[in-house]
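A short worksheet on the structure shown next.
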Amino acid sequence: MAKSAASKGPSPAAAKTERLLNLVIALLSTRQPLSKARIREAVPAYSDNDEAFERMFERDKDELRALGIPLRTEPIDPFFDDELGYRIDQREYALPELAFEPDELAVIGLASRAWSQASLAGPAAQAMRKLEAAGVVRDESSVAGIEPLLRTNEPAFEPVRDAVLSRAPIRFDYRGGSGDLAERHVQPWSLTSWHGRWYLTGHDLDRDAPRVFRLDRVSGVPRRAGRPGGYDVPSDHDALAMIRASSGEEAPPGGTARLLVREGAAWSLRRGAEVVDGPAAPEGWDVLAVTIRSLRGLAEEVAAAGPEVRVVDPPELAARVTELLQAVVAAHEEEGA
């Protein structure tokens, strides 16, 4: 006769989670390093078989470290280093209290919604759950009506992203503007979305110079070509400036824009702006003067603020913002088609 569901033990995944949790509790509860024998006694889920225990414990150590848990390996006796023990330092394990400014909360919420459309949907959702569990509430009101869409269909995206984060050199086949395919060796600096495309900026080792690469021109999957952390990204690196220069976009126009901004909104714009006197603003609004370093860049920032910002002048900025918002509407209509 088949066993009832109630009589069955926990699933392998649940058993593993329980074992890891018990291991963390045991290693957090001690000031002195625990030997393997003591850990085996403290965590009953470990196998009685010596060889099986060794395999399970080695896997569990790797798993904890991959999760970012600071597992220390130290001599049990400070005078004799022939036997090692394990512990987790509570000071390294605990996180400081989290605090975000209003504009930072708005960006966090917008970013999580953006990545929900892309390959990082799982990590983005997990990060938001952790922040909400810590009492951090994202700001939805300041980005109401804005639904960013980030698509990462390029097979090169994840390998390049990992290489940027780990500062690991990579090599890949790249089809240049002439259509020729050639292998490139690059130290990645940054991965940036611009005008609906993803761009890699970095140091081209073959040409010994900074270069920009469009991800949709990378053929196949990039391969690692060196150890992580083997180089430094220049402190003055400006990815957007490199991308704009490589595309031949006109120089920034300069001048000043005047914007109507709702009180308590658009903090990223306020940081680089000045509240000015002038024509009386409607109640609940401020008039801001913003230096135009890039007409397109400012237009993108204003458009991202949605109904919280209105352009007073110049007309060129208002036209750019209108184009961007119309493009958002068109993109959503295509998604719903």
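The values are calculated or read from the model by the stated rules, or taken from the named source; none is laboratory data. These figures come from a predicted structure and were not determined experimentally. Cβ placement follows ideal geometry from the backbone for every residue including glycine, while neighbour counts extend to all protein chains displayed. Heavy atoms of the whole protein, side chains included, go into the accessibility calculation; ligands, DNA and RNA do not. Shrake-Rupley method; radii C 1.70, N 1.55, O 1.52, S 1.80 Å.
Each row is one residue, and each column tells you yes or no for (1) small (G, A, S); (2) modelled with pLDDT under 85.
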| site | (1), (2) |
| --- | --- |
| R258 | no, no |
| W267 | no, yes |
| E274 | no, yes |
| G278 | yes, yes |
| W285 | no, no |
| A289 | yes, no |
| R293 | no, yes |
What residue, of V233, V221, V186, V212, is outside any strand (DSSP E or B) and not acidic (D, E)?
V233
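If we keep just the residues of the stretch 197-217 that are hydrophobic (A, V, I, L, M, F, W, C) and out of contact with any Leu (no Cβ under 8 Å at 6 or more places or on another chain), which is least open to solvent (accessible area, probe 1.4 Å)? Steps first, answer last, please.
Narrowing the stretch 197-217 to residues hydrophobic (A, V, I, L, M, F, W, C): 198, 200, 205, 209, 212-213, 215.
Narrowing the set further to residues that are out of contact with any Leu (no Cβ under 8 Å at 6 or more places or on another chain) leaves 205, 209.
Working: L205: 83, A209: 21 Å².
Among those that are hydrophobic (A, V, I, L, M, F, W, C) and out of contact with any Leu (no Cβ under 8 Å at 6 or more places or on another chain), it is A209.
Looking at the structure I just gave you, is L191 closer than 14 Å to V164 by Cβ and open to solvent by less than 20 Å² (accessible area, probe 1.4 Å)?
Working: closer than 14 Å to V164 by Cβ: yes; open to solvent by less than 20 Å² (accessible area, probe 1.4 Å): no.
Spelling it out, it is not the case that L191 is closer than 14 Å to V164 by Cβ and open to solvent by less than 20 Å² (accessible area, probe 1.4 Å).
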Listed by range, helices (runs of 4 or more DSSP H) wholly within the stretch 258-337 having at least 3 residues that are more than 24 Å from L240 (Cβ to Cβ) are 315-336
Take the residues in the stretch 31-42 that are within 16 Å of D89 (Cα to Cα) and surrounded by fewer than 16 Cβ atoms within 10 Å (Cβ to Cβ); name whichever of them is modelled with the lowest pLDDT.
R31
